[in-house]
1. What number of residues within segment 201-230 satisfy the criterion of being under 53 Å from the mean Cα position of the chain (by Cα) and either without any contact (Cβ under 8 Å) to a residue 40 or more places away in the chain or more than 25 Å from Glu243 (Cβ to Cβ) (or both)?
2. Within segment 185-217, take every residue that is surrounded by fewer than 18 Cβ atoms within 10 Å (Cβ to Cβ) and small (Gly, Ala, Ser) and give me the one that is nearest to Thr173 (Cα to Cα).
3. Every residue in segment 223-243 that is assigned to a loop (DSSP other than H, G, I, E, B) and more than 17 Å from Val133 (Cα to Cα), please.
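Computed from the coordinates by the stated procedures, all read-outs in this text should not be read as laboratory data. Keep in mind that what you see is a predicted model, and the values were worked out from it rather than measured. With ideal geometry, Cβ positions are generated from the backbone for all residues, glycine too; neighbour counts draw on all protein chains shown.
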Amino acid sequence: MGMSSNWALKLGMAGAALWAAGCVPIADYRKIEARYIETEGYVTEHKNDMREMERREKVLQLRAREQERQLALIRTRLQKSERLRKRLQSQRSVQASAPRPEPVAAPVPQEAPTFMGLEVNTKTGGLVLESGVMFAPGSATLKKQGKTILQRLASELQTPKYSGSKVRIEGHTDATPIKRSGHKSNWDLSGKRAMAVLHHLEKIGVSSDRLCFAGFASHQPIDNGKGKKALARNRRVEIVLAE
């Protein structure tokens with residue numbers, strides 16, 4: 001039995017005793033009872049308010065602890081950042097005070113060797129005849145300019161200095177696949193260009209027993225680049241002299 005029930009019982013017993021003794025009118029007793037009930041309701045209501053306030057206080061305490069934890073993490077990170085900043089500043093100071101090495105001059109590029117105005121392939125010793133000068137794109141027919149170069153070369157090959165040398169003519173292409181030139185492959189094109197040079201040298205007086213030819217397609221490049229300039233250098237005919 002709750003507190004209100006005990007008080008109601010006590011009030012009832014007291015009221016009954018007072019009534020029996022003729023001390024308190026029943027109307028006054030009812031007023032006292034009503035005030036008690038009202039007071040008890042007020043107390044109960046405020047107890048609920050106090051519980052809600054206690055619950056909110058606990059929530060605020062939890063939030064405050066979480067904020068303190070976050071602040072502690074931020075302080076730790078700031079301390080690490082400050083230590084790193086000081087370390088980097090110290091390293092810069094050391095580097096700034098260290099003696100700087102003397103600048104090394106860039107190597108002067110060596111010009112490719114030439115003979116009769118033609119580039120010499122340092123690997124094979126062959127004279128490089130650029131394909132763009134000798135032939136039209138995709139063609140194995142000598143251009144007028146190409147024939148002029150071969151005429152100068154034939155005159156040099158007929159001198160006593162080179163008259164005993166064998167002449168090997170090598171055709172080379174870039175790695176671009178053949179599409180619309182009418183040749184079966186780069187092997188075919190490189191061989192036909194070398195043969196065209198051979199026949200023209202023979203025609204202008206170089207003995208045929210000194211001449212031979214070969215086609216290497218794109219398998220012996222002199223420039224391993226991928227740009228247009230590298231591709232153009234790889235498209236060539238080489239004249240290699242051998243004893």
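1. Of the residues in that region, 12 qualify.
2. Selected residue: Ser185.
3. Within segment 223-243, Asp223, Asn224, Gly225, Lys226, Gly227, Glu243 qualify.
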